[in-house]
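The structure appears below as structure tokens.
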Amino acid sequence: MQPPQTNAISVMDLTVAYHETPVLWDIDLDVPPGVLLAIVGPNGAGKTTLIKAILGLVRTASGKVLIHDKPYEVQRKIVGYVPQRGSVDWDFPTNVLDVVMMGRYGALGWIRRPSKDDRELAMNALEKVGMEKYRHRQISHLSGGQQQRVFLARALVQDSNIYLMDEPFQGVDATTERAIVAILQELRENGKTVVVVHHDLQTVTDYFDWVTLLNIRRIASGPVQDTFTSENLREAYGGRIAFMKNR
Amino acid sequence: MQVHIEILFIAIVTSSACAIPGVFLVLRRMTLMSDAISHAILPGIVIAFFFTHTLSSPLLIIAAAGTGVLTVVLVELLQKTELIKEDAAIGLTFPALFSVGVILISRYTRNVHLDMDAVLLGELAYAPLNRLTVLGIDLGPSALIVMGVILILNLVFISLFYKELKLITFDIGLAATLGFTPALIHYGLMTLVSITTVGAFDAVGSILVVALIAGPAATAYLMTDNLTRMLVLSAIIGSINAVVGYLLAYQFDVSIAGTIASVTFLAFVSVFLLVPKRGLLSISRRHLRQKWEFAQTMLVIHLLNHEGLPEAVNESEIAHLHEHLQWEPSFASKVVRYALNNRCVSQDDTQLTLTDRGRTIAEQALVQ
């Protein structure tokens, strides 16, 4: 038996507000290590904000976040982040390999430049996402699915224990979606914790083993089979998910 | 002669010193901020002038750079209220600071040499007159030395923090999560831009310095997909603009700064039109070719669809082609000529027949 493990992520009493309008109300969330977790909820439920709050990217009004029992600031090396594809300027003058290499910058620290080893790690990550042929491609010439794969490769080179991904399936083709799911599941097999902001309720049971239902408050969180119930869904989405009954 | 060479060197060093940080301003969509900084540093210069009574003291540069950074801070504070947007915040902040400078000049320095023309437009032609002497030895024009030091400062900062600057420019969120403090790099860059602007200000004035910062970087952006190359190109383009601008100004006896700025714009326009692949000309040429290629593909597919069938005689008759395809007759005959030139079809008498090449094109287009 392994020693008892701490939660990969613990969120306690977290409230985030913009101008006194709460975006997240008093969220408690425990993410055990080694799960593949989907955060689902309607638009404006605060899914992206929750991820950003875990990463310290938005100011919190109350509460705290621990990564393996320690604050994010001392744990940042074990957390990898895949932001929404649309959050960056893809006309930036650089190529695919260079973007993936940015994942190594955290390990390098200030001023030090990437070495041959970093380059090799970046190439391995590109191979993993099936993009090695595109390493010299200018990033503005990538399709949406290819951009997403590049972002995923960039997170893979961080070699983290915990990955936070903001809508990695957004606007990608079916092949890319399958490829990304395979990589996420492989990460979980290797004991990594993966948290994904997800939109498509239809695929939750197929892709994930844990789920958090969010709508400003935390509605429910736990293993998919216990948590992903029509009752909880109705509570999270209101009356807007009649189609789920047919499943 | 020596004066000309000195002016030329001042122009080249000033332009490349401005062009390098300009790359990051262009990529971060902040070129207007450099405009704001270049105006808002005026009160800093005037106040420092009270104490030093000279325009070439290092204190002047420090005070002005401080005001430059203050501008950035004020703009960001206004923006953070979310009551107004960035453009309005810039538009409010720099005139406010600039006007303080204007009032100070008009009230206190009426009898001193600090005139508005020099502030707004600079005067490169007189720059060599202001010399730096240490222990009686003439080290050269002070503008050249000041800008030389600033150029080196820019080169050192950007080569040291190249990776960090690239990261915050491309993905500020990742930069923050990886533990690089984006605000630190941001204000470092803004301080650098302020210092560069003050230095360049002496030579080219507060209005044209923006041309030196934004112009070469925007031109280089059209020419390459690589950040390092963009930095090098930007410096080279800045230098070329300076040389060409100075030579033209000398030839026609007009304002040097004005000519350099005009050349900067003309250089941008020429690259915008002519650069291979991304220039406007090659884009429109490509669109035109695609239009004809596509029409040709429609034609060969049409011929293939009816090939060997009874109606083929009718369908592939040149004179009636436009009716079948619902094309303008003139367009139809142009497409036929295009396809004939490309040997995709051959003409016997009034009939069009597919060549092997044409058939391959049609078949490939259909399986896609």
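The values are calculated or read from the model by the stated rules, or taken from the named source; none is laboratory data. Not measured: the values here are computed from a predicted model. Because the Cβ atoms are built from the backbone with ideal geometry, glycine has one as well, and the counts that use them run over all protein chains shown.
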Any idea which of (1) surrounded by fewer than 15 Cβ atoms within 10 Å (Cβ to Cβ); (2) within 14 Å of another protein chain (Cβ to nearest Cβ) is the one A:LYS64 doesn't satisfy?
(2)
Restricting segment A:124-145 to residues that are surrounded by 14 or more Cβ atoms within 10 Å (Cβ to Cβ), over 22 Å from the mean Cα position of the chain (by Cα) and without any contact (Cβ under 8 Å) to a residue 40 or more places away in the chain, the one nearest to the other protein chains (Cβ to nearest Cβ) turns out to be A:TYR134
Among the residues of segment A:81-98, the number that are of a type in the set (A, V, I, L, M, F, W, C), under 18 Å from the mean Cα position of the chain (by Cα) and either at the interface with chain B (Cβ under 8 Å from one of its Cβ atoms) or not in a strand (DSSP E or B) (or both) is 1
Within segment A:39-48, is even one residue at negative phi, of a type in the set (Ser, Thr, Tyr) and free of Cβ contacts under 8 Å to residues at least 60 places away in the same chain?
no
Find the residue count for segment B:223-257, including only residues that are more than 14 Å from chain A (Cβ to nearest Cβ), polar (S, T, N, Q) and either closer than 13 Å to A:PRO93 by Cα or in a helix (DSSP H, G or I) (or both).
3
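Listed residues A:ASP98, A:ASP89; which is of a type in the set (Asp, Glu) and surrounded by 18 or more Cβ atoms within 10 Å (Cβ to Cβ)?
On the way: A:ASP89 fails: surrounded by 18 or more Cβ atoms within 10 Å (Cβ to Cβ).
Of A:ASP98, A:ASP89, the one residue that is of a type in the set (Asp, Glu) and surrounded by 18 or more Cβ atoms within 10 Å (Cβ to Cβ) is A:ASP98.
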Being over 17 Å from B:ILE207 (Cα atoms), in contact with a Ser or Thr (Cβ under 9 Å, 6 or more places away or on another chain), of a type outside the set (S, T, N, Q) and at pLDDT below 90 is true for just one of B:LEU55, B:LEU83, B:LEU153, B:LEU60. Which residue is that?
B:LEU60
Taking segment A:193-219, which residues are of a type in the set (D, E, K, R) and either farther than 20 Å from A:LEU29 by Cα or surrounded by fewer than 22 Cβ atoms within 10 Å (Cβ to Cβ) (or both)?
A:ASP200, A:ASP206, A:ASP209, A:ARG217
Might you check whether a residue that is among the charged types (D, E, K, R), closer than 24 Å to B:LEU8 by Cβ and in contact with a Gly (Cβ under 7 Å, 6 or more places away or on another chain) occurs anywhere in segment B:195-213?
yes
So A:VAL172 clears everything in (1) in a helix (DSSP H, G or I); (2) surrounded by fewer than 22 Cβ atoms within 10 Å (Cβ to Cβ); (3) under 21 Å from the mean Cα position of the chain (by Cα); (4) away from chain B (no Cβ under 14 Å) except one condition, right? Which one?
(1)
Matching residues, segment B:165-210, being within 14 Å of chain A (Cβ to nearest Cβ) and among the hydroxyl-bearing types (Ser, Thr, Tyr):
B:THR169, B:THR177, B:THR181
Considering (1) surrounded by fewer than 24 Cβ atoms within 10 Å (Cβ to Cβ); (2) under 22 Å from A:PRO114 (Cα atoms), say which one B:LEU222 fails and leave the rest.
(2)
Would you confirm whether or not segment B:42-53 contains a residue that is assigned to a helix (DSSP H, G or I) and of a type in the set (Gly, Ala, Ser)?
yes
